[in-house]
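The values are calculated or read from the model by the stated rules, or taken from the named source; none is laboratory data. Only a predicted model underlies this, so the values are computations on that prediction, with no experimental measurement involved. With ideal geometry, Cβ positions are generated from the backbone for all residues, glycine too; neighbour counts draw on all protein chains shown.
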Amino acid sequence: MSQLLIRPATLEDIPMILVFIRELADYEKLSGQVTATEEILTEWIFEKQCAEVLIGEAEGQCVGYALFFYNFSTFLGRAGIYIEDVYVRPAHRQKGYGKTFFRYIAGLCRDRGCGRLEWACLDWNKPSIDFYLSMGAEPMGDWTIYRLNESSIKKLAE
């Protein structure tokens, strides 16, 4: 098994990031919801710096990525990190790469003084749920995520 090298993404990685996003959406049966483009990702990740992306390399190729950003806990009075995506290509799974991404981000959380590390998971995704539980993660059973989509945001803002 080769070791996973994790590095911060650069502008040159944008095409690969978009490929990973589309592969993840396909796995999650949500391909029709992807509207991201290279231009949009460049703007929001690199120009506006609203998220950070890590690229995982092994065996001489990009094998996965993670995207995360800060959230804030008023109860703790400090920031946390919210992981939007951790994705490892199917051919490279079961090698510990997913756990390596989580361990790396947990280290960032610790080093940056963050109070929480959070993410969401689709209810049907048992392999991922089992993986998260094996790392000591706890589901937030008393919380339900609510979301406004773009059209709902526009309507509410009027």
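Considered as a group, the residues in region 46-105 that are touching a His at 6+ places or on another chain (Cβ under 9 Å) and surrounded by 14 or more Cβ atoms within 10 Å (Cβ to Cβ) include one that is farthest from residue 9 (Cα to Cα), and that residue is 58. Among the conditions (1) in contact (Cβ under 8 Å) with a residue 40 or more places away in the chain; (2) under 18 Å from residue 128 (Cβ atoms), the only one that residue 83 does not satisfy is (1). The set of residues in region 131-158 being among the aromatic types (Phe, Trp, Tyr) and within 21 Å of residue 101 (Cβ to Cβ) consists of 131, 132.
Scanning region 112-130 for residues that are part of a helix (DSSP H, G or I), of a type outside the set (A, V, I, L, M, F, W, C) and more than 12 Å from residue 99 (Cα to Cα) returns 126, 127, 130. For region 131-152: of the residues being surrounded by 10 or more Cβ atoms within 10 Å (Cβ to Cβ) and not in a loop (DSSP other than H, G, I, E, B), which is modelled with the lowest pLDDT? Result: 131.
Selection over region 77-91 of residues that are closer than 22 Å to residue 61 by Cα and either part of a helix (DSSP H, G or I) or hydroxyl-bearing (Ser, Thr, Tyr) (or both) gives a count of 3.
Residue under question is residue 111, and the condition is that it be within 18 Å of the chain's Cα centre (by Cα) and free of Cβ contacts under 8 Å to residues at least 12 places away in the same chain; does it hold? The answer is no for residue 111. Whether any residue in region 32-53 is part of a loop (DSSP other than H, G, I, E, B), touching a residue at least 40 places away in the same chain (Cβ under 8 Å) and under 23 Å from residue 132 (Cβ atoms) is what I want to check. Looking through region 32-53, none of the residues is part of a loop (DSSP other than H, G, I, E, B), touching a residue at least 40 places away in the same chain (Cβ under 8 Å) and under 23 Å from residue 132 (Cβ atoms). Considering region 12-26, and only residues there that are under 16 Å from the mean Cα position of the chain (by Cα) and free of Cβ contacts under 8 Å to residues at least 40 places away in the same chain, the residue that is farthest from residue 92 (Cα to Cα) turns out to be 14.
Among residues that are part of a helix (DSSP H, G or I), surrounded by 13 or more Cβ atoms within 10 Å (Cβ to Cβ) and either modelled with pLDDT under 95 or of a type in the set (Asp, Glu) (or both), residue 13 is included.
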